[in-house]
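The values are calculated or read from the model by the stated rules, or taken from the named source; none is laboratory data. Because the structure is a prediction, the values reported are computed rather than measured. Ideal geometry is used to build each Cβ from the backbone, glycine not excepted, and the neighbour counts take in all protein chains shown.
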Amino acid sequence: MSLAVYGSEKNNNWLKKKRKPTPLHNLTRYFDFLDDHYSYVRQFAPQFLATLSFESHEEDAPLLEAIEVFRALNTTKRRTLPDDVPVDFVPDNWQRFVAPEGQPKRRAYELCTLST
């Protein structure tokens, strides 16, 4: 899924440079940082997802489906992911964090969803 970014050409070029693939050790540090701050992220994620609307230019948008999963979980106060959550949007380098044993883990899946 791609998101439109508007702003000056200079800002867009900066963003493109920042989106280059990261070495695995950088990704691990990034994931560790997010994981360490998960409780802080959870303070804001439900309201963030309830307030903003998201759209995609793609007809089949698994990331939007994942957002809807978290909206439903937040509304119903459920803690466990449904068995059939979409994972097509999860980048390859996130797979070992999100689904280390095949089934997605909520914490890593939510962090991936919010950061994708």
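Taking the criterion of being surrounded by 11 or more Cβ atoms within 10 Å (Cβ to Cβ) and of a type in the set (Gly, Ala, Ser), the residues of the stretch 43-71 that qualify are ALA45, ALA50, SER56, ALA61, ALA66. Take the residues of the stretch 66-97 that are basic (Lys, Arg) and either part of a helix (DSSP H, G or I) or touching a residue at least 60 places away in the same chain (Cβ under 8 Å) (or both): which is farthest from PRO46 (Cα to Cα)? That would be ARG96.
For the stretch 98-115, filtered to residues that are assigned to a loop (DSSP other than H, G, I, E, B) and exposed (fewer than 14 other Cβ atoms within 10 Å of the Cβ), the residue that is modelled with the lowest pLDDT is GLY102. What single numbered condition from (1) buried (at least 17 other Cβ atoms within 10 Å of the Cβ); (2) at pLDDT below 95 fails to hold for LEU81? So the condition that LEU81 fails would be (2). Residue count for the stretch 46-65, restricted to those that are assigned to a helix (DSSP H, G or I) and more than 14 Å from the chain's Cα centre (by Cα): 3.
When you check PRO82 against the structure, is it of a type outside the set (Val, Ile, Thr) and under 15 Å from the mean Cα position of the chain (by Cα), yes or no? No; evaluated as a whole, the condition is false for this residue.
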